[in-house]
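Visitor: So that we are looking at the same thing, I have put the structure below in structure tokens.
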Amino acid sequence: MFWADKFAADASGDRIIVNDSKTPSGRVHVGSLRGVVIHDAIYRALKHAGKPVTFTYGVDDYDALDTVPHYLDQEKFAPYLGYPLCNVPSPEVSATDYAKYFMGEFLEVFDHLGVRPEIYYLRDLYRSGKMNKYIDLFLNNAHLVREAYKEVSKADRPDNWYPFQTICENCGKIATTVVTDYQDGKVFYTCQPNAMEYVKGCGHSGWMSPFDGNGKLPWKVEWVAKWEVVGVSIELAGKDHSQKGGSRDVANSICRKVLKKNPPTHAPYEFILVNGTKMSSSKGVGSSAKEIANLLPPELLRFLMLRTQPRSVINFMPNYETVTRLFRDYDTLIAKYQSDTPKDEKAQEELVPLIYSQLNTEEQVEGYQAFDFSTLISLLQIPHLDLEAEIAARSADPLTDRDWSVVRDRIRVGKQWLQDYADEEEKLVLYLDSMPDKVNNLDNEQVKYLEALVTNLEGDVKWGDGEELQTLLFSTSKQIEVSQKSAFAAVYYTFLNKERGPKAGSLLSYLDKGFVIQRLKDAIAIHR
């Protein structure tokens with residue numbers, strides 16, 4: 001059974017709420033999409049199971065701005081450090097505030113991916129009074145909250161610590177305020193100068209009401225209150241929050257101690273890494289969700305997230321190998337889906353990530369005739385080539401309107417990948433008008449290989465077939481007993497001026513046969 005269907009099978013109730021959330025502290029990175037797509041898949045699985053389900057997504061915009069991202073004006077935003085994100089000005093006039101600006105960018109990606117939860121903002125829950133009941137409850141039971149922190153995470157809170165942070169009436173910061181008493185519906189707070197390393201409090205103190213948006217609960221306590229206000233049934237969390245003694249364990253303990261309830265269903269999920277590094281919204285590490293969504297077709301971005309079990313790391317690098325393999329794997333499943341061969345249980349299970357990758361809520365898969373993406377990247381780099389005519393000639397069957405729609409989108413992806421992501425080593429720079437310098441470095445064995453290759457290429461060869469040419473390149477190396485590495489390097493030196501390149505058979509098939517044979521002869525002549 002697919003992992004999302006297992007959650008659906010275990011869930012029960014008259015009203016099942018699947019929830020996820022995000023603090024919009026900066027440009028949202030592709031790593032944050034994993035939770036979004038995982039929760040959306042569980043929501044879809046519950047719908048398939050015929051159970052009453054709603055998918056909600058919270059924007060934690062009452063959290064403090066704790067760092068100014070490197071891509072923003074440091075001088076402009078530094079004065080707002082410690083402020084609630086919703087009280088920080090927007091980087092651009094397109095949004096009313098900082099939180100709405102960065103969340104708006106993220107929500108565009110939601111729409112791109114066919115993810116359509118009910119969105120709520122923490123500012124609205126606080127300011128509307130919906131959180132008041134739970135603020136009062138947790139303040140009156142502060143001893144139980146302190147107990148949960150100590151028992152679960154070994155964090156010792158003093159006896160006069162209360163789970164609330166006010167927005168300072170004097171300076172507007174929320175990060176620096178510490179509440180030390182609660183009486184008659186008011187809290188006593190101090191905006192402590194040394195409460196945080198990244199910003200100083202103003203020193204103001206006084207009594208104020210904690211209700212109707214005057215402050216917020218600490219995150220782990222707020223999490224529990226959100227579960228109650230929103231009615232959450234299922235909420236997974238990233239590995240960092242799910243470790244023993246971590247945030248989720250503390251929240252679970254608070255839920256049981258104060259509310260006398262079991263917390264929502266939970267399971268940890270792993271990170272998306274870039275070159276082995278966890279992504280951070282505020283530090284700007286990795287590729288933004290919007291950038292990757294602009295690159296990959298939405299079905300493939302969903303597929304990237306869904307084909308891997310949530311407990312397994314996804315190490316995503318938008319390099320040649322990773323991106324071309326993603327397209328190839330998706331196309332392989334499309335071919336299996338369209339196959340007339342009866343599918344056994346294992347084959348059907350293999351197709352589930354493909355089905356849940358679709359944008360439409362009915363998960364209807366619209367097939368197509370695949371065109372290899374790695375071949376397309378190479379074709380895009382051949383000068384003076386009629387690209388669509390070449391694609392049509394290389395396709396097994398005439399392309400339908402649907403096929404062309406997919407191909408043209410992949411042309412877009414290929415061009416963008418070459419422009420924004422390809423390393424110089426991954427780019428195909430063909431020397432069509434001049435002989436590459438490195439041809440001068442060919443040794444006697446490589447020259448002998450090229451001579452044999454010319455003879456074989458002048459024979460009966462199906463030129464447009466890259467696989468047939470690849471086989472001929474291999475067999476020629478065996479014929480004269482030269483290593484494959486040395487043989488293929490000779491070909492790459494002759495056309496690309498470097499030791500490695502794309503599949504050599506495909507490379508030659510893109511070029512005119514007469515040109516290839518003459519270039520090889522000219523390379524040989526230099527050494528004769």
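The values are calculated or read from the model by the stated rules, or taken from the named source; none is laboratory data. Note that the structure is predicted; figures quoted are calculated from it, not measured. Don't worry about glycine lacking a Cβ; one is built from the backbone with ideal geometry, like all the others, and counts go over all protein chains shown. In case anyone asks, the SASA skips ligands and DNA or RNA and just uses the protein heavy atoms, side chains included. Shrake-Rupley method; radii C 1.70, N 1.55, O 1.52, S 1.80 Å.
Visitor: Enumerate the lysines that Lys133 could reach by cross-link, defined here as Cα to Cα under 25 Å, with residues fewer than 8 away along the same chain left out.
Guide: Lys22, Lys150, Lys173, Lys186, Lys216, Lys220, Lys226, Lys257, Lys260, Lys261
Visitor: When we measure straight from the Cα of Lys346, which aspartates and glutamates land under 16 angstrom away, once same-chain ones fewer than 8 places off are left out?
Guide: Asp5
Visitor: Would you kindly state how much longer the chain becomes between Lys244 and Ala389 on full extension, computed as 0.36 nm times their sequence separation minus their alpha carbon distance, in nm to one decimal?
Guide: Stretched out fully, the Lys244 to Ala389 stretch lengthens by 46.3 nm.
Visitor: Continuing with the same structure: Shape of the stretch 38-161 from its Cα gyration tensor (a ≥ b ≥ c, root eigenvalues): rounded if a/c is under 1.5, otherwise prolate when a/b > b/c, or oblate?
Guide: Oblate, since a/c reaches 1.5 and b/c is not below a/b.
Visitor: Same structure again: What is the percent of Cα-Cα separations in the stretch 63-116 that go past 13 Å?
Guide: Within the stretch 63-116, distances greater than 13 Å cover 61 percent of Cα pairs.
Visitor: Could you give the distance between the Cα centres of the stretch 87-116 and the stretch 304-328, to the whole Å?
Guide: One Cα centre to the other: 26 Å.
Visitor: Under 1.5 on a/c is rounded, so check that first for the chain, then, if it is not, pick prolate when a/b is larger than b/c and oblate when it is not; a ≥ b ≥ c are the square roots of the alpha carbon gyration tensor eigenvalues.
Guide: prolate
Visitor: Okay, moving on. By how many nm would the segment from Glu349 to Val313 grow when fully extended, if each residue of separation counts as 0.36 nm and the alpha-carbon distance is taken off?
Guide: Length gained between Glu349 and Val313: 10.9 nm.
Visitor: Rolling a 1.4 angstrom probe over the protein heavy atoms, how many square angstrom per residue are accessible across the chain?
Guide: The answer is 45 Å² per residue.
Visitor: Test of understanding: what is the full-extension gain from Arg402 to Lys478, defined as 0.36 nm times their sequence separation minus their Cα-Cα distance?
Guide: Length gained between Arg402 and Lys478: 23.0 nm.
Visitor: Moving to a separate point now. Which of the peptides 312-319, 327-334 is most tightly packed, and how do the rest follow, judged by the mean count of other Cβ atoms within 10 Å per residue?
Guide: Averaged packing, sorted descending, gives the order 327-334, 312-319.
Visitor: A further question follows. Hey, for a label at Ile526 modelled as a point 7 Å past Cα toward Cβ, could you say which residues of the stretch 438-480 have their backbone N under 16 Å away?
Guide: Output list for this probe position: 438-451.
Visitor: Can I ask one more? Give me the distance between the Cα centres of the stretch 457-524 and the stretch 219-271, rounded to whole Å.
Guide: After rounding, the separation between the Cα centres reads 60 Å.
Visitor: If we sort 17-29, 448-460 on the protection proxy, mean other Cβ atoms within 10 Å, highest first, what's the order?
Guide: Highest mean packing first, the order is 17-29, 448-460.
Visitor: Hey, if you put +1 on the Cβ of every Lys and Arg and -1 on every Asp and Glu Cβ in the stretch 1-44, which of Trp3, His39, Ser21 ends up farthest toward the positive end of that dipole?
Guide: So the residue furthest toward the plus end is Ser21.
Visitor: Can you list the cysteines of the chain that have no other Cys Cβ under 4.7 Å away?
Guide: Here Cys86, Cys255 come out as lacking a disulfide-compatible partner, given the Cβ-Cβ threshold of under 4.7 Å.
Visitor: While we're on this one: Note down the relative contact order for the chain as a percent, whole number, built from C-alpha pairs under 8 angstrom at least six residues apart.
Guide: Computed value for the chain: 12 percent relative contact order.
Visitor: Classify the stretch 378-432 from the C-alpha gyration tensor, please: rounded if a/c falls under 1.5, else prolate or oblate depending on whether a/b exceeds b/c.
Guide: Because a/c hits 1.5 or more and a/b fails to exceed b/c, the stretch 378-432 counts as oblate.
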